[in-house]
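**Student:** Sharing a structure here in structure tokens format.
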Amino acid sequence: MKAFTYERASDARGAVEAVVNTPGARFIAGGTNLLDLMKLEIEQPQHLVDVSRLPIAGIEDTDEGGLRIGAMATNTRVASDSRVRARYRVLSQAIVSGASGQLRNKATTGGNLLQRTRCPYFYDTSKPCNKRRPGDGCAAIAGHIRESAILGASTACIAVHPSDMAVALVALDAEVETLSPAGHARRFPLMELHRLPGDTPHLETHLIPGELITAVVLPPPPPGGQQYRKARDRASYATAHASVAIAGGRIALGGLAHKPWRAVDAEAALADGASPAEAMARELKDAALRDENAFKVPLATRLVAATIAEAQAQAGAGRDA
Amino acid sequence: MSSVHDWAAPNPVTTNRSGLIGKPVDRYEGPLKVTGTAPYAYEVQPPSPPAYGVMVGATIAAGRIADVDIAAAEASPGVLAVWTHRNVPSQPPRGAKAHPRSTAGSSPALENDRVSYFGQPVAFVVADTLENAVAASMLVNLTYEADAPDVDFAASLDAAGQPPGEQDVEIGNFEDGFAASGVKLDETWTTPIQNHCQMEPCASIAWWEGDVCVAHTSIQMVKPAQHGLAETLGIDRDAVHLMTRYIGGGFGGKGQTYDDLTLAALAARALKQPVKVAFTRQQMMHGTIHRPATVQRVRLGADKDGRLNAFSLMTWTHCHRSGSFTEHASNFARALYAAPNRLTGHRLVRLDLPHAGPMRAPGEASGTLSLECAMDELAEQLGLDPVDLRIRNEPPVDPENGRPFSQRQLVRCLREGAQLFGWERRTAKPGQVRDGRWLVGMGMAAAIRGNFLLPAKCSFSVDAEGVITVRQGMTDIGTGTYTVLAQIAAETLGVPLGKVVVEIGDSELPPAPGSGGQFGAATAGSAALAAGMNLRKALAELATGDPRSPLYGDDPELVTFQDGVIAIENKSETLAALVARAAPEGLTVEGDSRPAADMREWSTQTYGGHFCEVGVDPVTGEVRVRRMLGVFAAGRILNAKTAKSQLTGGMIWGIASALHEGNAVDPRHGSLLAQDLAQYLVTVQADVGELDAIMLDEVDDKANPMGIKGVGELGNSGAGAAVANAIYNACGVRVRDYPITPDKLLAGLIAKGL
């Protein structure tokens, strides 16, 4: 681990200024991902600005009938919030299917969105990785890993985004609120937060350097059922081979791409009366497959069909109640 | 030499007057472990502030170090030393023994410029803090001349040959018998590399007191570690004081020392201050040993009644280029089922991979994953219940050497397990039971694991307060050694558990072989019993020979020990009073035990039956274990709690072998893909529903004087096969390539139209 300096921010604006004005500075919140990466020197910040005590950890009702989740609200807090559980169950389900209880107690909403891939070659610093060193090459492409993208991958990177929470948030049409280095607040769809790898896989979001996520805003819950399903090697503390978030008519997919994947084509096909299998065939028509990850196509297809059925049954049960 | 017949005589353990033997006594060191106050080697407080050593692993699998640049590392803050093969203090060549009777030879660190596996320690940095040492270690700049590594096991099977000194074992004529069999099975299974992933990584701290190297390390066997370090340092064996008081898991991976110990000792000598060194989790994967991958071909030939006529298990496996370790996955099968025509053996190929070595139930853990599934497949072909098929092939004596079994309750394990588990509710046809989204199935498998007894010594002391202190160079790797030694001592001397102190894990204590091969409790315990008997004798003679004792003049043979009191009929005094008066400095005696000369006239094994119910999600191919029961016969049980914990722990490992564990080799680099515990998956709580282990009443008086056998590895034998068989019963898909992950199972489910 490289030596670094540290300060604790007392307000959001000060935190942004500190990061902008200090070379090599990074925000740290729960630290559940960043510290691991620093120990391996995959991340080498020279200065850490601790935002974990900023007063942006609350969960508030919005005038529009949604919720504003402060960026520092822990994953545990969000998943167990009674309003989230009652009205955004897909979010609660997604969060508790990720990481472990101990990690969720520390991990924050903003940090969860910005966690980095679990591609094993990203963590093995003896191998080339375009995320770690742009232009270095990608050891995963000729490797034999199941944990790779089938959608939106590039010749520079086949990593997938590991977050479960973000998949549910995309299905819920959430927005992100940020504070920019110039001190301006902005708000944009969470779907537009993450990037595809292209030839710059080290750039993972559209945030500008020093921009701080301050909140995630949920619109009122959509009509219809909600459900999150995740397929993985073991029942806890494992990343998704594929995951599905259903919120009303919206579908988001996890484990398949460099970002949480909104299945727009599948949604449209379903609205046109297609079966889930037909809809997923349309969604995955451009999937780029490798021997090791080709199983994700039938897996995601079957998972979407099952999850839609469960969401509909859940919506029905909700009406009956 | 003694005979096993001598062991049939009653002794305090077998008589168990106060009932301590077998009791589910809490762990002796439990409070220390759960409060984090049992110091592991890395946490031992040295006499002065330590420096911190960090190893650097090679980033090639084969080749040589062409150039070394340590200038930046040496200039890094806080750095005290930077070593490579060019400047490491000289050490005797590998394997050298200055003392002919050393149990291990020299094992030099940073030996030369050759690299023979990925992750091999090739440089070493010592600094004033761990952070400075880590930072400097990243600045060591090594230039390699890499050779193309030969690391592809699956592609190397044809290059595999007989392991050194071994031959195939054939009884009858396998090929003819197989050809003549009416019902046949010929299938191949594969198992992956597994890493031990102990909670506590390998770690050491060392300092020098004059000419004596004091070292604390995390090790299963004390004497080889002490001797090996002495040989490597080029000093007398008595000049190494090696300790390993508390250990966070061994599983076979700490049966040997690694460069952490050597480098800590060398650096402490060079820097004249304590030095501690730990493997990182990532370094553990390559820098220590692993269970190698296997390919196993099983051929079974039977008649229509299910009697095996021909049986073969052949195993292909791999080890390090310089090694000879063989995962003996076929051995257990030689004692399991009757069949007149039998062929078993192993093929070994040397690769540029890290060192293969023993892991919990070496051999059985891998081999049962094939044979016990093959038996399930054969039962289906024959239309027989899998339990019934096994019972039909129960041998009356050891099927290969003709020796009588000392005890064999395999059939009872299977029958009682079937009954307790509700096996009769299993539908023979797969894919018939659904519970919500889950397809539900049951599977079973037999368990077998050999039993061993090695020579050991132990000392017992009693002080003026009547406290018994057990001292032995034994280890407790989390198994319960402290606890069962305390129980044996308390029962033998007739004192409450609170009056027993156990000191183990120290090279200056009477030697015992340590923990491994599930021989620990029997071996260490037998020596403890012997020492206890000697102390009884010494105390009886002390009392009957002391005019001030109420027992004076009586026959020492008649003395009894109970509740801290030494007595003959109604004459008595407390142990404390006797020792305080007649031997105020206390009494110390030694005892030893060794295998009986005629032990090998019996086939001595431990047995069990596993029964498992799984749910398979037909949508995703995900598997969850809903219930699992193991019924075991392993001799007298010393402690129902620690034994059960060993057995259920082994069963969980079996679940992991079936469903989760395995590490893949990157054939380009010779490195393992999973390098931390987020990537290397072991079974977690949420994967396992109800889990239970039952131990049948048994005394095996051919095993040792206590009639006990080992349980540390038995639970891991057969458990994975029971899971795999349950998966087939649930959904009709056989996956013979472990672990059975969702991607593999899904392919089979889709092929079946599910």
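**Student:** By its C-alpha gyration tensor, with a ≥ b ≥ c as the square roots of the eigenvalues, how is the stretch B:600-746 shaped: rounded for a/c under 1.5, else prolate for a/b larger than b/c, else oblate?
**Tutor:** prolate
**Student:** Continuing with this model, one more query. Taking the Cα-to-Cβ direction at residue B:424 and at residue A:309 and moving 7 Å from each Cα, how far apart do the two end points lie in nm?
**Tutor:** In this crude spin-label approximation the distance works out to 3.5 nm.
**Student:** Evaluate the stretch A:72-125: find the radius of gyration of its Cα atoms, find its Kirkwood radius, and give the ratio Rg to Rh.
**Tutor:** Checking Rg against Rh, the ratio lands at 1.07.
**Student:** Kirkwood Rh over alpha-carbon pairs of the stretch B:566-660, then Stokes-Einstein at 37 °C and 0.692 mPa s: what D in µm² s⁻¹, rounded to an integer?
**Tutor:** D, rounded to a whole number, is 171 µm²/s.
**Student:** With every atom except the alpha carbons ignored, what do you get for Rg and Dmax of chain B, in angstroms?
**Tutor:** Rg then Dmax for chain B, in Å: 27.3, 89.
**Student:** What does the extension gain come out to for residue B:199 and residue B:324, with contour length at 0.36 nm per residue minus their alpha carbon separation?
**Tutor:** Full extension of this stretch gives 42.3 nm more.
**Student:** Which FRET efficiency value, to the nearest 0.05, do you get for residue B:238 and residue B:175 by plugging their Cβ-Cβ distance into 1/(1 + (r/R0)^6) with R0 = 41 Å?
**Tutor:** Step by step, r from the Cβ atoms, then E = 0.10.
**Student:** I'd like the distance between the alpha-carbon centres of the stretch A:1-46 and the stretch B:564-582, rounded to an integer number of Å.
**Tutor:** Between the Cα centres of the stretch A:1-46 and the stretch B:564-582 lies a distance of 69 Å.
**Student:** Taking the Cβ of residue B:131 as the centre, find all other residues whose Cβ is under 10 Å away and add up their charges (Lys, Arg: +1; Asp, Glu: -1).
**Tutor:** +1
**Student:** Based on Cβ point charges of +1 for Lys and Arg and -1 for Asp and Glu, what charge dipole magnitude is obtained for the protein assembly as shown about its Cα centre, in debye rounded to the nearest 20?
**Tutor:** Roughly 1420 debye, rounded to the nearest 20.
**Student:** Further, regarding this structure: Determine the calculated [θ] at 222 nm for chain A from helices alone, applying -39500 (n - 2.57) to every DSSP H run no shorter than 4 residues and normalising by the residue count; nearest 500 deg cm²/dmol.
**Tutor:** Calculated at 222 nm, the ellipticity per residue is -8500 deg cm²/dmol.
**Student:** What GluC sites (Glu not before Pro) does the stretch B:132-211 have in DSSP loop regions with at most 15 other beta carbons within 10 Å?
**Tutor:** B:166
**Student:** Under a point-charge model restricted to the Cβ atoms of Lys and Arg (+1) and Asp and Glu (-1), what is the dipole moment magnitude of the stretch B:376-507 relative to its Cα centre, in debye to the nearest 20?
**Tutor:** 380
**Student:** While we're looking at this one, here's another question. What is the Cα centroid distance between the stretch B:435-514 and the stretch B:314-349, reported in whole angstrom?
**Tutor:** 31
**Student:** Evaluated at 10 °C with a viscosity of 1.306 mPa s, what Stokes-Einstein diffusion coefficient in µm²/s does the stretch B:623-663 have when Rh comes from the Kirkwood expression over alpha-carbon pairs?
**Tutor:** Calculated translational D: 136 µm²/s.
**Student:** I need the calculated FRET efficiency for the pair residue B:297 and residue A:236, taking r as the beta carbon distance and R₀ as 30 Å, to the nearest 0.05.
**Tutor:** About 0.25, to the nearest 0.05.
**Student:** So how long is each side of the stretch B:276-332 along the principal axes, counting just the alpha-carbon atoms, biggest first, in Å?
**Tutor:** That works out to 63, 22, 15 Å along the principal axes.
**Student:** When B:752, B:429 are ordered from fewest to most other Cβ atoms inside 10 Å of their Cβ, what list results?
**Tutor:** Listing B:752, B:429 from fewest to most nearby Cβ atoms yields B:429, B:752.
**Student:** Given the C-alpha centroids of the stretch B:9-61 and the stretch B:686-754, what is the distance between them in whole angstrom?
**Tutor:** One Cα centre to the other: 29 Å.
**Student:** Residues with beta-carbon under 13 Å from that of residue B:295, excluding residue B:295: net charge, scoring Lys, Arg +1 and Asp, Glu -1?
**Tutor:** -2
**Student:** Which one of A:215, A:309, A:245 has its Cα pushed farthest toward the positive end of the charge dipole of the stretch A:213-321, where Lys and Arg give +1 and Asp and Glu give -1 at the Cβ?
**Tutor:** Of A:215, A:309, A:245, it is A:215.
**Student:** Hey, another quick one. Return the inverse of the average 1/r over all pairs of distinct C-alpha atoms in the stretch B:667-738, which is the Kirkwood hydrodynamic radius, in Å to one decimal.
**Tutor:** It is 16.7 Å.
**Student:** Hey, what's the Cα Rg ratio for the stretch B:143-195 versus the globular rule of thumb, 2.2 N^0.38 Å?
**Tutor:** Ratio of Rg to 2.2 N^0.38 Å for the stretch B:143-195: 1.83.
**Student:** Can you compute the modelled spin-label distance between residue B:186 and residue B:597, with each label point 7 Å from Cα toward Cβ, in nm?
**Tutor:** 4.9
**Student:** Please give the residues of the stretch A:286-320, grouped as numeric ranges, whose backbone N is less than 11 Å from a label point set 7 Å along the Cα-to-Cβ vector of residue B:750.
**Tutor:** Correct set: A:293-302.
**Student:** Just add up the charged neighbours of residue A:182: K/R +1, D/E -1, any other residue whose Cβ is under 14 Å from the Cβ of residue A:182.
**Tutor:** Overall, the nearby charge balance is 0.
**Student:** Also, quick follow-up: Sorted from largest down, give the three principal axis spans of the alpha carbons of the stretch B:378-442, whole angstrom values.
**Tutor:** 50, 26, 15
**Student:** Excluding residues fewer than 8 places away in the same chain, name every one of the lysines whose C-alpha is closer than 28 Å to that of residue B:457.
**Tutor:** Output for residue B:457: B:23, B:33, B:97, B:223, B:254, B:499, B:537, B:641, B:644, B:702, B:709.
**Student:** Any idea what the alpha-carbon Rg over 2.2 N^0.38 Å comes to for the protein assembly as shown?
**Tutor:** Against the compact-globule rule of thumb, the ratio is 1.00.
**Student:** Please give me, ordered by residue number, the trypsin sites (Lys or Arg not before Pro) of the stretch B:643-711 that lie in loop per DSSP and have at most 16 other Cβ atoms within 10 Å.
**Tutor:** Counting only loop positions with at most 16 other Cβ atoms within 10 Å, the trypsin sites (Lys or Arg not before Pro) in the stretch B:643-711 are B:668.
**Student:** Next question, about the same structure. Order the peptides A:165-171, A:252-258 from the highest to the lowest mean number of other Cβ atoms within 10 Å of their residues.
**Tutor:** Descending mean neighbour count gives A:165-171, A:252-258.
**Student:** Over 19 Å, how big is the tail of the calculated P(r) for the stretch A:1-138, in percent of all Cα pairs?
**Tutor:** So the pairs more than 19 Å apart make up 58 percent of the total in the stretch A:1-138.
**Student:** Given R₀ = 51 Å, what would the calculated FRET efficiency be for residue A:144 paired with residue B:562, taking r from the Cβ atoms and rounding to 0.05?
**Tutor:** 0.20
**Student:** Residues of the stretch B:7-26 with the amide nitrogen closer than 20 Å to a label point 7 Å from the Cα of residue B:555, along Cα-to-Cβ, please.
**Tutor:** Only B:9-12 pass the distance filter.
**Student:** If you don't mind, another one. Simple spin-label model, 7 Å along Cα-to-Cβ: residue B:391 to residue B:112 in nm?
**Tutor:** That separation, rounded to one decimal, is 6.1 nm.
Every read-out reported here was derived from the displayed coordinates using simple, explicitly stated rules and does not represent laboratory data. Model, not experiment: these values are computed from the prediction. Cβ coordinates were reconstructed from backbone atoms using ideal geometry, including for glycine residues, and neighbour counts include every protein chain displayed.
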